[in-house]
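A short worksheet on the structure shown next.
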């Protein structure tokens, strides 16, 4: 005799780790099939590297390294100064791309479909975030390689490189969670692509391209108290082999604050029904 128990569908319990890996694979496959966003991660910083070093570097190098003469010496000095900034901007560029990806999934109904499937609720966003962190790390290798080819020579030791990798991963996770939330909160894909642009502007309003000491008082105050200044200075110090511990702690603190806030915001938006 057939019972209700035998007629009931068999439910599959979510497997958080396996589900995250599946969503990570989906994110990486999307990067392969749609390489435009991945190319943007590398092309933007590379164009800025060539432009700022070979066009502006001869003059700007005098301002970042007193005693350096304009020309070749200035370009070499500015290459040392700007390379850490462009590595950070590479991470930021990857985060802005994830906002567009999240908005596309939400607008296309894919996330709504995922909610009906027997998968871990946190795996959809986590896989997306991790996928873009992997892409950003790959882009970092290419940008750093281009800088080395142009003459950049970091003085970091093995411990500095490990710390630098950890900081980049932490920064990537923090910014990606924040930008996923921005993408889910956007009313359209076009809006999602514009919302994170403020993150690309902040390195310009910090110590990324010129020392904060050269700025007017009000701008200098903002530059000294925004998150990207200690982050860039920490990267600069690690690559130079002389990191400042207090600045590094401040950078890690900013990453944790951004990451926790972005994660909470993104999870809240994911649980909420999307309004048409």
Among helices (runs of 4 or more DSSP H) completely within region 189-247, the ones holding 3 or more residues that are closer than 17 Å to residue 48 by Cβ are 197-201, 228-240
What about residue 270, is it within 17 Å of residue 171 (Cβ to Cβ), in a helix (DSSP H, G or I) and at pLDDT below 95?
-> no
Count, please, the residues in region 60-82 that happen to be surrounded by 13 or more Cβ atoms within 10 Å (Cβ to Cβ) and not in a helix (DSSP H, G or I).
-> 4
Would you be able to say whether some residue in region 185-206 is surrounded by 15 or more Cβ atoms within 10 Å (Cβ to Cβ), in contact (Cβ under 8 Å) with a residue 24 or more places away in the chain and more than 24 Å from residue 103 (Cβ to Cβ)?
-> yes
Note on region 109-150: residues over 22 Å from the mean Cα position of the chain (by Cα), at pLDDT 90 or above and in a helix (DSSP H, G or I) are 149
Taking residue 91, is it assigned to a helix (DSSP H, G or I), closer than 16 Å to residue 174 by Cβ, in contact (Cβ under 8 Å) with a residue 40 or more places away in the chain and touching a helix residue (DSSP H, G or I) at 6+ places or on another chain (Cβ under 7 Å)?
-> yes
Would a scan of region 18-27 turn up a residue that is closer than 20 Å to residue 177 by Cα, at pLDDT 80 or above and within 16 Å of the chain's Cα centre (by Cα)?
-> no
Can you confirm whether region 111-130 contains a residue that is in contact with a helix residue (DSSP H, G or I) (Cβ under 9 Å, 6 or more places away or on another chain), in contact (Cβ under 8 Å) with a residue 40 or more places away in the chain and closer than 23 Å to residue 202 by Cα?
-> yes
Considering region 49-59, residues that are within 26 Å of the chain's Cα centre (by Cα) and surrounded by 17 or more Cβ atoms within 10 Å (Cβ to Cβ), and then whichever is modelled with the lowest pLDDT, we arrive at 57
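The values are calculated or read from the model by the stated rules, or taken from the named source; none is laboratory data. This is a predicted model, so every value here is computed, not measured. Counting neighbours? That spans all protein chains shown, and the Cβs are built from the backbone with ideal geometry, glycine included.
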